[in-house]
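My structure is below; once you've seen it, I'll send some questions.
We did not get these values from a lab; they are worked out from the coordinates using the rules stated. What you see is a predicted model; the values in this text were computed from it and never measured. When we count neighbours, we look across all protein chains shown, and the Cβ atoms used for this are built from the backbone with ideal geometry, even at glycine.
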Amino acid sequence: MVAKIEKALLWVIETICLVLLISLAVSVIYSTTMRYLGSSPAWYDEIASVLLAWLTYFGATYALFLRQHMSFGGIVTALPKHAAVALALVSEFLVIGFFAVVAWYGNAILAVAKWDSLLSIRWMTLDIVQSVIPITAVLMIIGTLLTMPRALRNAAAGIDTDHAEIEQAIAEAERETAEMSRKDKTK
């Protein structure tokens, strides 16, 4: 059940990132074309900034769900099993606490930001623009809670996912090299 929820949320976040990336690319191409034609759109700078900020926040959320964010897995795996699990658990709760503060104050900012708007698009208030902060903070809390059991299992097993991925990539490259070598010898 948890895996299905995680997979569904990951798909939604991935889709949002893709839509934001395409929107940003289209707005840049449109603006560049219009500048070349001598009619630069007034809204481009603000919209591109907002899209890039939203893409950054949702991209960070996506990375958190995949556990591809910066961590110190080597420290955890160097510790004895119980200490590794305890340190991993403390770090998980610190992450959740940090994003809870970000969500709380991000939401508080929305009440103030609703009275201001973008300069070039007056109907878009800053609470819409800034809403990405509490939304992604809550998603990051959910992502941390959903992936926490896997992180704790890895800590208990002494698995550093970064090193495991590197070792897997090296093994695959060695297999491919050996296979190519065999094909060259048969020719």
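For the pair Ala48 and Leu18, how long in nm is the line joining their label points, each one 7 Å along Cα→Cβ?
Those two pseudo-labels are separated by 2.5 nm.
Here is a further query. What shape does the range 85-187 have by the C-alpha gyration tensor, where a ≥ b ≥ c are the square roots of the eigenvalues, rounded means a/c under 1.5, and otherwise prolate means a/b greater than b/c and oblate the rest?
Oblate.
Here's a follow-up. Convex hull over the alpha-carbon atoms of the range 31-165: what's its volume per residue in Å³?
Expressed per residue, the convex hull around the Cα atoms of the range 31-165 is 113 Å³.
What number results when the radius of gyration of the range 75-133, computed over Cα atoms, is divided by 2.2 N^0.38 Å?
Taking the Cα Rg and dividing by 2.2 N^0.38 Å, one obtains 1.85.
Now for a different question. Might you report the magnitude of the Cβ-based charge dipole of the range 1-151 about its Cα centre, with Lys and Arg at +1 and Asp and Glu at -1, to the nearest 20 debye?
Magnitude of the dipole: close to 340 debye.
Please order Met180, Met148, Met70 by the number of other Cβ within 10 Å, starting at the fewest.
With the fewest neighbours first, Met180, Met148, Met70 line up as Met70, Met180, Met148.
Between Ser39 and Met124, what's the calculated FRET efficiency when r is the beta-carbon distance and R0 is 30 Å? Round to 0.05.
Here the calculated transfer efficiency is 0.90.
Here is a follow-up. Pop the C-beta distance of Met180 and Ile75 into the FRET formula with R0 = 35 Å and round what comes out to the nearest 0.05.
0.40
Can you give the helix-only mean residue ellipticity at 222 nm for the chain, where every DSSP H stretch with n ≥ 4 adds -39500 (n - 2.57) and the sum goes over all residues, rounded to the nearest 500 deg cm²/dmol?
-28500 deg cm²/dmol, from helical runs alone.
When Ser49, Ser181, Ser91 are ordered from fewest to most other Cβ atoms inside 10 Å of their Cβ, what list results?
Ser181, Ser49, Ser91
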